[in-house]
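Read through the structure below, which is laid out as structure tokens, and then see the notes.
The values are calculated or read from the model by the stated rules, or taken from the named source; none is laboratory data. As the structure is a prediction and not an experimental result, all values here were calculated from the model. When we count neighbours, we look across all protein chains shown, and the Cβ atoms used for this are built from the backbone with ideal geometry, even at glycine.
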Amino acid sequence: MILTFAPVRAITPDMLIYKIFRADEWSQMQADGDTTGAPIDVADGYIHFSGADTLAKTAALYFADETDLTLLAVEAEGLDGLKWEESRGGALFPHLFRKLRMDDVVWAKPLPVTGGVHQFPADL
């Protein structure tokens with residue numbers, strides 16, 4: 001199921017950051033209205049996001065054998081608690097230092113795997 005939330009203004013793909021959730025994590029967030037993230041997020045003390053440029057690598061590294069995933073898009077601009085921090089290979093990654101709320105989510109789409117490869121939405 002694809003969920004789209006009505007933005008107040010037009011949001012372009014370059015304004016978005018992305019979070020991959022397993023089915024149970026996404027279901028729990030929908031039920032609670034917010035989340036502290038996946039177990040790795042809770043352990044690290046912040047919610048890990050990816051930019052469009054690092055999303056495929058993140059999926060391959062951390063979700064290679066996972067199915068039934070959901071990709072969430074969140075607008076980075078003006079998101080309180082968001083910090084861009086250097087990580088692997090000098091790339092900057094967005095980290096959210098607060099709960100992720102349902103009203104932060106611009107859209108949520110399935111992230112299927114075909115032939116062992118994640119199939120990202122065409123509009124990324």
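Here are some notes:
- All positions within the stretch 73-111 that are modelled with pLDDT of 95 or more, out of contact with any Leu (no Cβ under 7 Å at 6 or more places or on another chain), assigned to a loop (DSSP other than H, G, I, E, B) and of a type outside the set (A, V, I, L, M, F, W, C): D80, R98, K99
- Test for A108: is it among the hydrophobic types (A, V, I, L, M, F, W, C) and more than 21 Å from S27 (Cα to Cα): no
- Only listed residue being charged (D, E, K, R) and farther than 24 Å from P39 by Cβ, chosen from E86, E77: E77
- From the list D68, D80, the one residue that fits, being loosely packed, with under 14 Cβ neighbours inside 10 Å, farther than 16 Å from E25 by Cα and out of contact with any Phe, Trp or Tyr (no Cβ under 8 Å at 6 or more places or on another chain), is D80.
- Residue match in the stretch 49-72 (condition: within 13 Å of the chain's Cα centre (by Cα), more than 22 Å from Q119 (Cβ to Cβ) and modelled with pLDDT of 95 or more): no
- Close contacts from the stretch 74-99, counting a first residue that is closer than 12 Å to T54 by Cβ and a second that is aliphatic (A, V, I, L, M) and in a loop (DSSP other than H, G, I, E, B), with Cβ to Cβ under 9 Å and a gap of 6+ residues or different chains, come to W84/A76; P94/A76; P94/L79.
- Verdict on G51 being on the phi > 0 side of the Ramachandran plot and in contact (Cβ under 8 Å) with a residue 12 or more places away in the chain: no
- Selection of the stretch 39-57 for residues being buried (at least 18 other Cβ atoms within 10 Å of the Cβ) and within 14 Å of K99 (Cα to Cα) yields D41, Y46, I47, H48, F49.
- The lone exception for A60 - which of (1) in contact (Cβ under 8 Å) with a residue 24 or more places away in the chain; (2) assigned to a helix (DSSP H, G or I); (3) surrounded by 14 or more Cβ atoms within 10 Å (Cβ to Cβ) it fails: (3)
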